[in-house]
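The values are calculated or read from the model by the stated rules, or taken from the named source; none is laboratory data. Remember, it's a predicted structure, so these values are computed and weren't measured experimentally. When we count neighbours, we look across all protein chains shown, and the Cβ atoms used for this are built from the backbone with ideal geometry, even at glycine.
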Amino acid sequence: MTLCRKQTLCALLLLNLGVLPASWAGCDDPAAPGVNWSGCDKSGAALSGADLRGAILKRTIMNEVDLSGARLSGADFSFAKLRGARLNRTRMDEVSMLGADLSGAELNGALLDRSKLDRVDLQQAQLQGASLVESNLYQARLDNANLAGARLIRAELKQAVFDGADLSGADLEQANLLQASLEHTNLRDSSLIKANLEKANLYYADLRGADLYRASLVNAELYETRFEGSRLGGALWVDRTRCPLDAGDICKE
């Protein structure tokens, strides 16, 4: 007997693989908590203020969709396409966006705390004032993204790419930026207290006025990196030496 002779058995097998044919999802179902739009095409839909808490949106195409002010807590956007989507002021804490494409999306003031954003594409996205506290952005792409004033406290940013991004005034306290790329990144007046910047690429990074108290810069790559007006007190320098607690913007004379 063929394993997928019965539709129910097929559905279970495909769900375990994270795949669900659009014909089995409720593509025509109205927006509601827990709706299943997996694999559906919702490009350009007007969903501003919609309640999609816990919605299943795996591989859903939502390019240019308007989700401003929507409630998306706990929704699953894994591998979904949201290029140019508008998600300003959207509540989307604890969402899953593994491998999702949000390039050029607007997420200003969005709440993304404790979310799974591994390998997400946020290149050229707008995230001014967004909150990503304790979120996981492992190997995420944020090239040229605007994260001015964003909150990334205790965020997992290992091997994330922020080249050319604006992180001015951002709060990255205790964030893990191990092996992250921050080339030409604007980090002026940001908080990097106790942040892990070990083996990070900081070529041409602007850290003027940044607070790096007790941060770790062990084996970080520095070239034309600017530290004027920064605070390096207690930081671990590139060569593993500890900066004096009263150090300003120079670790060692």
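For segment 1-47, which residues satisfy the criterion of being within 23 Å of residue 86 (Cβ to Cβ), touching a Lys or Arg at 6+ places or on another chain (Cβ under 8 Å) and either at pLDDT below 60 or polar (S, T, N, Q) (or both)?
Result: 38, single match.
For segment 217-250, give me each residue that is surrounded by 13 or more Cβ atoms within 10 Å (Cβ to Cβ) and assigned to a strand (DSSP E or B).
Passing the criteria: 221, 222, 226, 231, 236, 242.
So which of 215, 205, 210, 175 ends up being farther than 24 Å from residue 113 by Cβ and either among the small types (Gly, Ala, Ser) or more than 20 Å from the chain's Cα centre (by Cα) (or both)?
205
Residues 95, 161: which one is of a type in the set (Val, Ile, Thr), more than 22 Å from residue 44 (Cα to Cα) and at pLDDT 95 or above?
Within the list 95, 161, the selection yields 161.
Please specify each residue of segment 199-212 satisfying the condition of being in a loop (DSSP other than H, G, I, E, B) and surrounded by fewer than 20 Cβ atoms within 10 Å (Cβ to Cβ).
Across segment 199-212, the qualifying residues are 199, 204, 208, 209.
If you go through segment 142-162 one residue at a time, how many are over 15 Å from residue 107 (Cα atoms) and within 10 Å of the chain's Cα centre (by Cα)?
Residues in segment 142-162 being over 15 Å from residue 107 (Cα atoms) and within 10 Å of the chain's Cα centre (by Cα): 4 in total.
Okay, residues lined up against (1) in contact with a helix residue (DSSP H, G or I) (Cβ under 9 Å, 6 or more places away or on another chain); (2) surrounded by fewer than 23 Cβ atoms within 10 Å (Cβ to Cβ):
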| residue | (1), (2) |
| --- | --- |
| 36 | yes, yes |
| 45 | no, yes |
| 55 | no, no |
| 84 | no, yes |
| 92 | no, no |
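For residue 183, only one of the following conditions fails: (1) surrounded by fewer than 23 Cβ atoms within 10 Å (Cβ to Cβ); (2) over 22 Å from residue 241 (Cβ atoms); (3) out of contact with any strand residue (DSSP E or B) (no Cβ under 6 Å at 6 or more places or on another chain). What is its number?
(3)
Output yes when any residue across segment 64-77 is crowded, with 24+ Cβ neighbours inside 10 Å and either under 23 Å from residue 173 (Cα atoms) or of a type in the set (Val, Ile, Thr) (or both), and no when none is.
yes
Quick check on my filter: what residues within segment 115-158 are of a type in the set (D, E, K, R) and either under 15 Å from residue 78 (Cα atoms) or at pLDDT below 95 (or both)?
Scanning segment 115-158 gives 116, 118, 119, 121.
What number of residues in segment 132-146 are assigned to a loop (DSSP other than H, G, I, E, B), of a type outside the set (S, T, N, Q) and surrounded by 22 or more Cβ atoms within 10 Å (Cβ to Cβ)?
5
When you scan segment 101-126, how many residues do you find that are part of a loop (DSSP other than H, G, I, E, B), farther than 16 Å from residue 180 by Cβ and of a type outside the set (Gly, Ala, Ser)?
Adding up the residues that qualify gives 7.
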